[in-house]
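The values are calculated or read from the model by the stated rules, or taken from the named source; none is laboratory data. Nothing here was measured: the structure is a model prediction, and the numbers come from that model. Every residue, glycine as well, gets a Cβ built from its backbone with ideal geometry; the counts of neighbours run over all protein chains shown. When the accessible area is computed, the model is the full protein with side chains, heavy atoms only, and any ligands, DNA or RNA have been set aside. Shrake-Rupley method; radii C 1.70, N 1.55, O 1.52, S 1.80 Å.
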Amino acid sequence: MPTLPMMTPTPHADASRKITAPGGYEWWRFDASSDDGKLHLVAGLHFGHAFDRRYLRRYAMYRRFPTRVRPPAPAEFCAVTFALLERGRPALRLAMPIAKDEFSAADDGRTVRLGASHMNRGPDGVLRLHLRGLDDDRTIAVNLSFRPQLNTSCDVDLASASAADAGQHRWVVVDPLCDVDGEISVFAESGGPPRVTPFAGSGCHDHRFGTRPLGALGHRWLNGRAVFADRAILFHQVGDAAFVWQAGGKGATPAATSGGLKVIGSATSRWGIGYPETIELPGAGDVRLMRPRVVGTSFASVIVAYDAAGDLETGRALVQVLKPRRLVWGSR
């Protein structure tokens, strides 16, 4: 019996996979920490917003009543998201729904556009991220440049150890280590000059996509990165499965491994989500992530900054713990 493809393969890391599966998602993700460790940012361009409660509830109703409820398509739930996080201060957040006819992506992945927001990779390899959106009575404008410091990437199958009905879930590390600079401007509806926050630091960019909601693969997702002067370590832990990608460092060969992640101790966010007190990455040069500081929290996730320490080197780490099934029925 013939079947319809749920996504389109491509050799280009950042190119759209043209996900059509109900409940599926595609997500171009960026994060960075400032050089002084005080500011952190997380941004995303979404085709099928994996955190949208309306989308997840529609999918749940479709699975319950497949002959009576129309399946929700990813194209119906496009969005732009952004968060500027600083410990002890309210987060500056943007979550802007975008109409499906305002999404476009170049076949080579160099450009992705959602309404007035877009990413574009220039001939110099620099990835420029421009976001525009409304938050209540103010306009947020984000202009950032991600300058890759490592010329390497990888594609990890997160669902390799899962049951077939979990769908496909893939994680493409595109730019594991970037110098990041730019500014975030906030314009008040009442007029006047904008409030401008300059940003300079380091971060990374990856591309995630799947053919089922995140909760189909696991009830708890832990993902993060640790960046140093000349190398980066990125990791996922979904259920009992862990995946670690490391790149850079003198004489080191980029490598993706299963396992090699150890969580020690547990603290709890104000919404009751546990996060590690220490994370060990023994397969990545005995790196330890210590001294956790919660910088962003919601009913379904917590974002935590850590100090990263390896042999004769220090860096910064940012980790998110997500409970995807809470997104269906909880508050934002």
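Structure notes:
- Restricting the range 67-114 to trypsin sites (Lys or Arg not before Pro) in coil, as DSSP defines it, with at most 14 other Cβ within 10 Å: Arg68, Arg87
- The range 236-270 and the range 152-198 have Cα centres spaced 18 Å apart.
- Test item: Cα-centred dipole of the range 17-104, Lys/Arg +1 and Asp/Glu -1 on Cβ, debye: 680 debye
- GNM on the chain, alpha-carbon springs under 10 angstrom: the most fluctuating residue among Asp179, Asp108, Asp52 is Asp108.
- Peptides 230-237, 243-250 ranked from most to least packed by the mean count of surrounding Cβ atoms within 10 Å: 230-237, 243-250.
- The chain, accessible surface, carbon-and-sulfur percent (1.4 angstrom probe): 51 percent
- The residues neighbouring Val172, those whose beta-carbon lies less than 11 Å from its own, together hold a net charge of -2 under the Lys/Arg +1, Asp/Glu -1 convention.
- Charge tally around Arg293: other residues with Cβ under 13 Å, Lys/Arg +1 each, Asp/Glu -1 each, net +2.
- In order through the range 256-270: 3J(HN,Hα) via Karplus (6.51 cos²θ - 1.76 cosθ + 1.60), integer Hz, x for Gly, Pro: 10, 10, 8, x, x, 9, 10, 9, 10, x, 8, 10, 10, 6, 5
- Largest accessible area first, the residues Ser160, Ser202 order themselves as Ser160, Ser202 under a 1.4 Å probe with ligands, DNA and RNA left out.
- Farthest toward positive dipole pole in the chain [+1 Lys/Arg, -1 Asp/Glu at C-beta], among Ala73, Gly37, Gly88: Ala73
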